[in-house]
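Taking it in order: structure first as structure tokens, then the write-up.
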4 protein chains.
Amino acid sequence: MIRFGLAGYGYWGPNLARAFGGTAGARIEMIADMSPPALQRAAQNHPSARLTPSIEEMILDPAVDAVLIATPVSTHFDLAMAALRAGKHVLVEKPMADTPERARLLIEEAARRKLILMVDHTFVYTGAVQAIAGLIDTGEIGDIYYYDSTRVNLGLFQRDVNVIWDLAVHDFAIMERLLKSKPVAISASSAGFLRGSPENMAHLSVFYDNGAMAHLNVNWLAPVKIRQVMIGGSRKMVIYDDMQTSEKVKIYDRGAEKDGTEADIYQHMVSYRLGDMRAPATSPKEALVTEAEEFIRCIQTGDQPLTDGASGLRVVEMLDAATRSCRMRGFPIDLLTLKEAS
Amino acid sequence: MIRFGLAGYGYWGPNLARAFGGTAGARIEMIADMSPPALQRAAQNHPSARLTPSIEEMILDPAVDAVLIATPVSTHFDLAMAALRAGKHVLVEKPMADTPERARLLIEEAARRKLILMVDHTFVYTGAVQAIAGLIDTGEIGDIYYYDSTRVNLGLFQRDVNVIWDLAVHDFAIMERLLKSKPVAISASSAGFLRGSPENMAHLSVFYDNGAMAHLNVNWLAPVKIRQVMIGGSRKMVIYDDMQTSEKVKIYDRGAEKDGTEADIYQHMVSYRLGDMRAPATSPKEALVTEAEEFIRCIQTGDQPLTDGASGLRVVEMLDAATRSCRMRGFPIDLLTLKEAS
Amino acid sequence: MIRFGLAGYGYWGPNLARAFGGTAGARIEMIADMSPPALQRAAQNHPSARLTPSIEEMILDPAVDAVLIATPVSTHFDLAMAALRAGKHVLVEKPMADTPERARLLIEEAARRKLILMVDHTFVYTGAVQAIAGLIDTGEIGDIYYYDSTRVNLGLFQRDVNVIWDLAVHDFAIMERLLKSKPVAISASSAGFLRGSPENMAHLSVFYDNGAMAHLNVNWLAPVKIRQVMIGGSRKMVIYDDMQTSEKVKIYDRGAEKDGTEADIYQHMVSYRLGDMRAPATSPKEALVTEAEEFIRCIQTGDQPLTDGASGLRVVEMLDAATRSCRMRGFPIDLLTLKEAS
Amino acid sequence: MIRFGLAGYGYWGPNLARAFGGTAGARIEMIADMSPPALQRAAQNHPSARLTPSIEEMILDPAVDAVLIATPVSTHFDLAMAALRAGKHVLVEKPMADTPERARLLIEEAARRKLILMVDHTFVYTGAVQAIAGLIDTGEIGDIYYYDSTRVNLGLFQRDVNVIWDLAVHDFAIMERLLKSKPVAISASSAGFLRGSPENMAHLSVFYDNGAMAHLNVNWLAPVKIRQVMIGGSRKMVIYDDMQTSEKVKIYDRGAEKDGTEADIYQHMVSYRLGDMRAPATSPKEALVTEAEEFIRCIQTGDQPLTDGASGLRVVEMLDAATRSCRMRGFPIDLLTLKEAS
């Protein structure tokens, strides 16, 4: 039985408490939140958990084996570091930290203490993303040419982070899971239409070392909600529409090929393939439960989780580079130099 | 009666012949195409037109008052210039020319000779774009925050122009019509996945002097066909979906506003407006017929057409800047300097 | 403060408990269910309610002012009658009873004791149905020509009632609210494809005294879930699609009219109107909360609720007539004779 | 080379002329239409065909081998009979005749003279219907439980036939192709909302001898255009949506099964299967061309065409029975008695 302490019972914390509380081998031992109404709600839903307004107290409690951090981004580094130093395994809400440097320090601390450090990139554990990952792993899609995501809606404007840190973070985590090649540069542009609020619209292009390309369209000020990813491969293409209640993933046996040889350049023609479409049944299991099981398994075995600190860091590096590119109207930021310099 | 000569009876030429041939006050006098099968088709559909394999002969024929150019982009400049020098009014297929410099030379020639020079940006004359333009002109949409277009499909790969010159050209022309502010910079990225073919996927961000932003997602290698534009305004938002057979334009009474004063910065909250959606009935009149009437009217009155040479030049400047930005992975190209330098 | 006793904490009971428990002026006093696991769940979610395995005990408890009945259809009559005889107001799950005769007995008992008898036809209290009712009341739709509903999905097969009593009941209740004219006959056909299960597919046609017509397509064995109602009016037409997350109601300014006079019979032509479409913002308030408020208000004032016993009876009469017509392959059942005989 | 004479160059005739004119082994020899403007259009599009205002003259012309009849329904019998008596093969527009008796007389005449009599049920030759027929023939769908069609739109109101003869005729022809069991009864209801016009809305239920059921919802006064058929089978289910530009046919690996034995009646449970969805690529070949090839092949070989007179008669019998049922508000009409009596 692994005993979890939860920091933060605001918007996302209740979901973590519910998922971990309902998973075999886990127990919600303590819940910490500075807000009295939040603690009251926690008491109602988790009568057997101990409650405290002090996150520090929870972190240091000897009955807590692992800490779940669901507090604002700006607090992630300090709380996760304190938990690691107290010898606790850590699952931290996305994004892992507010700078790549701090994300790196957390990884080092966890490695030094042989503790599990995992990032809560929930989308990676959905049945849809798992199904797509399976299609890519078996080679059915072929080489990935592009990943093109539209993730827009009306609201919720955040106060402390811009739309990239709020929405693009999901795509970066999914791309970490799906794309095998190495991102080498990023160009991004953004705009903010409510004075005094962070940028609410951004477009990000990511260049990969094998010629693949990713693009993300994120916006808090769109008339309708769209959650659609197109993935182009050399063999097949995929549309992943998370707004559908069923058939979220569609695989199209479609593509284009060059005819003729290269010598024969002026004769070249492109031929198109228009085959069947298939929507595989995807696992209806709740993503957070799959994620909770992964964290518990890794604590027990010492394995690195699928969304470990290293992948969380790469996501933060992309968020950071994208935000800097936006300041310069799309000026491309070299991701390799960044990594080598670090 | 204005007598038209048509250069090129390939993919688009037959549409021009049909639209102009069916418009009051116009007659298709001559059709020129180097290809014998094309001329044969022209003979069948336009038995009263004179046919010739020589475009030059048609241009110089004294019975031709105005020339319609529907030939490949690389020939636009030479043919349009020859027609203007022969004293003929000119309608040229989009894009107007393959470089901004050549577009400028055409404008100067037409101005010197007091001839009408018009660019065939057909989308500008559709009922849908006209309806949106009307909504903007009356102030119903408010200030335009952004124009965000997705224009993707499978095929048709072009040999001589990349996807920007083939598809983004439509959006640039529509933006010319709808957006009142001045574009100041462009950042674009692209990729080509079929070796030896032009780039087939691109993402373009355009920055405007008033803070507005436009974004274009164009792709020849997408699993499905999408033609969707979202327009965000300070009062309302629009979705223009050209794949719908009816209700192409939807107006959403939705938006977000900052509450409180700016001094009160830490208390600021964003409130959302979620009102009705309305899909106005749009004119079912064929865009090409409206366009033909505009050309005829301007020849008769000497007025500048809605899609005149100047607007055609601005479109070519954007296409040219976007293509150059792509060579540098999104490096922003200053559009103002360009114009001042010219 | 009105104190409610809930009979049945299975599929629907928890929703009633939550809605009434969260409404001002109401308290969940007791919850009764024969199943120990159901009582355990009730204890967790409603720690302040008293629990009992005996519905009879709850009904007779002097601290209970009104009873909510969420048990199987076959028990509705006996439980509702017992509650009324104990002097309690009653809200009974739909359908009100399993025969028209029993529904009538409940109405008489409630009238005799001046108690409120209400039927839980939740759909009538949704923002969408309220919006449509408003459009009809103001005359915007004109005379109602037809109501045409498709309500199909895969599962859940019921054991004790057929698909008509499970799904068509919703449409009959909505029609009760929206259609002002009197139903005079019903023709229905059905089929069952799983041996030993009730009919899982049915089509029902209802004829009204003013020439209007309603049609219901209900099915538990459809590949996809559809919840779509088309309403044709002399002025406008409506589509109500309950599967949409927004824009559930769309109003089309479309229709057809006869041109010319009737004398002029051979010259008659039909002209079509193709105007705007509008999707009004509908109330996001939860239907069950609106319904709870209505029950509470009627208990306090003595008013008849919108979905009172009389309307519940008319729904049961339609269900009963439809089921009988099905036994005779669509043989039309006269609804007026029925009523007069009663 | 088979030489065709076309009777009627109104709405549908031009399509027949184009399809047959463009098919190998066929030539449009003559076109007959009483209307001078129609003949003028025919002259423009088919310069090599002989034109005449007299259908009789065309039918009797020795250079005509086979006659295509695209005139109003009320004239089908007389013209087809005249053509058969003149020794010509006949393709007649749907529906084959205005009464079952007349359809039968045509079949007898054609059989007596060993001529091909074919009915133009175009939908049967579409790639979509052919694909579904293939799925049924291979057993992939299993036993057909139901065929449920929605075929509604705004307009075109017909003057001489009601909506059943105009729209349901398509479904009856498709059902003829797809359903192997025998229809035994029909119950239908209809309404007309424009005074003096034929019924514009109808719902038809068809009962089959093996327990299968078909239902058709047809309407000229609907706010949107829907062309959707659901087919439920014991193994899989199909949605055929003719309004989609691609993926018209979707096959769902979904269904329900009874668990347990029948003895075990109170324990019975239904289990659901929720597998993949697949949209097969369907033939893009134009249906009319496939149909023209079928007619030509049968003329050459003497084979019975897929949509021969016998199947055309069964369609007319259904149309006739449905219309009679409507007069009696859904009173079921026995189809077997009809056939035996005939």
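We did not get these values from a lab; they are worked out from the coordinates using the rules stated. From a predicted model like this one, the values you see are computed outputs, not experimental measurements. Neighbour counts run over all protein chains shown; Cβ positions are idealised from the backbone, glycine included.
The simple Förster model, with R0 at 51 Å and r as the Cβ-Cβ distance, assigns C:ARG3 and B:LYS180 a FRET efficiency of 0.20.
Other residues with beta-carbon under 12 Å from the beta-carbon of D:ARG151 carry, at +1 per Lys or Arg and -1 per Asp or Glu, a net charge of -3. Between copies, the label points of A:THR245, set 7 Å from Cα on the Cα→Cβ line, lie 1.2, 2.6, 2.8 nm apart, reported in increasing order to one decimal in nanometres.
What the phi angles of region B:123-139 give under the Karplus curve with 6.51, -1.76 and 1.60, with θ = phi - 60°, is a coupling list of 3, 4, 9, 6, x, 5, 5, 4, 5, 5, 4, x, 4, 6, 4, 7, x Hz, glycine and proline written as x. Using the Cβ of B:LEU288 as centre and a radius below 14 Å, the other residues enclosed give a net charge of -3, where K and R count +1 and D and E count -1. Here region A:98-176 is assigned +1 on the Cβ of each Lys and Arg and -1 on the Cβ of each Asp and Glu. Its dipole about the Cα centre then comes out at about 380 debye.
Between A:TYR272 and C:GLU57, the simple spin-label model (points 7 angstrom out along Cα→Cβ) gives 7.2 nm. Candidates C:ALA38, C:THR52, C:PRO14 compared by Cα position along the dipole of region C:1-91: farthest toward the positive end lies C:PRO14, with charges placed on Cβ. Annotation for A:GLY87, label-to-label distances across the other copies: 6.6, 10.0, 10.8 nm (shortest first, one decimal, point 7 Å from Cα along Cα→Cβ). What's the Cα-based Rg to Rh of region A:59-98, Rh via Kirkwood? Across region A:59-98, the Cα-based Rg/Rh ratio is 0.95. Between copies, the label points at B:SER234 (set 7 angstrom from Cα along Cα-to-Cβ) are spaced 4.6, 5.1, 6.8 nm, reported in nanometres from shortest to longest. The helix-only estimate of mean residue ellipticity at 222 nm for chain D, built from DSSP H runs of length n ≥ 4 each weighted as -39500 (n - 2.57), is -10000 deg cm²/dmol after division by the residue total.
Rg and Dmax of region C:1-153, based on Cα coordinates, read 17.4, 53 Å. Taking the Kirkwood radius as Rh and the Cα radius of gyration as Rg, region C:116-273 has a ratio of Rg/Rh equal to 1.03. Highest GNM mean-square fluctuation among A:ALA38, A:ALA128, A:ALA188, for chain A modelled with Cα contacts below 10 Å: A:ALA38.
Sparse packing (at most 11 other Cβ atoms within 10 Å of the Cβ) combined with a DSSP loop state is found for the following trypsin sites (Lys or Arg not before Pro) in region B:104-149: B:LYS114.
Here region B:122-168 is treated as a Stokes sphere of Kirkwood radius computed over C-alpha pairs; at 25 °C and 0.890 mPa s its diffusion coefficient rounds to 185 µm²/s.
The lysine pair count for chain D, using Cα distances under 19 Å and pairs eight or more places apart or on different chains, is 10. When DSSP beta bridges are restricted to pairs lying wholly in the protein assembly as shown, around 60% turn out antiparallel.
Look at the stretch C:275-285: the mean tally of other chain Cβ atoms within 10 Å of its residues' Cβ atoms is 4.
Taking a quarter of the surface of the Cα convex hull of chain A gives a mean projected area of 20.0 nm².
Each Lys and Arg Cβ is given +1 and each Asp and Glu Cβ -1; about its Cα centre, region A:193-259 then shows a dipole of about 160 debye.
Please build a GNM for chain D, connecting alpha carbons under 10 Å apart, and tell me which residue among D:GLY275, D:GLY309, D:GLY21 fluctuates the most. Residue with maximal mean-square fluctuation among D:GLY275, D:GLY309, D:GLY21: D:GLY275. Scanning chain D for the beta carbon that comes closest to the axis linking it by rotation to A yields D:ARG278, 2, distance in whole angstrom. Only one residue of B:PRO72, B:PHE123, B:VAL90 has its Cα farthest out toward the positive end of the dipole of region B:61-136, where Lys and Arg carry +1 and Asp and Glu -1 on Cβ, and that residue is B:VAL90. Calculate log10 I(q)/I(0) of the protein assembly as shown for q = 0.06 Å⁻¹, where I(q) comes from the Debye formula with a single equal point scatterer on each Cα and nothing for solvent. For the protein assembly as shown, the Cα-only Debye profile gives -0.67. First check a/c for region A:27-91, with a ≥ b ≥ c the square roots of the eigenvalues of its C-alpha gyration tensor; if it is under 1.5, answer rounded, and if not, answer prolate when a/b is larger than b/c or oblate otherwise. Since a/c reaches 1.5 but b/c is at least a/b, the shape of region A:27-91 is classed as oblate. Running a GNM on chain B with Cα contacts under 10 Å, which residue among B:SER187, B:SER234, B:SER205 ends up with the highest mean-square fluctuation? Looking only at B:SER187, B:SER234, B:SER205, the biggest GNM fluctuation is shown by B:SER234. The trypsin sites (Lys or Arg not before Pro) found in region B:166-213 that occupy coil by DSSP, while having at most 13 further C-beta atoms within 10 Å, are B:LYS180, B:ARG195. Toward the positive end of the charge dipole of region A:165-302, with +1 on the Cβ of Lys and Arg and -1 on the Cβ of Asp and Glu, the farthest Cα among A:MET175, A:TYR240, A:VAL218 is that of A:TYR240. Each residue, C:MET34 and A:GLN304, gets one label point 7 Å from its Cα in the Cβ direction; the gap between the two is 5.8 nm. Using only side-chain charges placed at the Cβ, +1 for Lys and Arg and -1 for Asp and Glu, the dipole size of chain C relative to its Cα centre rounds to 460 debye.
Let me make sure I get this right: for region D:79-201, a, b and c are the square roots of the gyration tensor eigenvalues over alpha carbons, sorted descending. Under 1.5 in a/c it's rounded, otherwise prolate if a/b > b/c, else oblate. Which is it? It is oblate, given that a/c is not under 1.5 and a/b is not larger than b/c. Checking every one of the GluC sites (Glu not before Pro) in region B:221-330 against DSSP loop status and a limit of 10 other Cβ atoms within 10 Å picks out B:GLU262. Placing one equal scatterer on every Cα of region A:186-342 and applying the Debye formula, the log10 ratio I(q)/I(0) at q = 0.15 Å⁻¹ is -1.20. Pairs of Cα atoms nearer than 8 Å and 6+ residues apart set the relative contact order; for chain D it is 18 percent.
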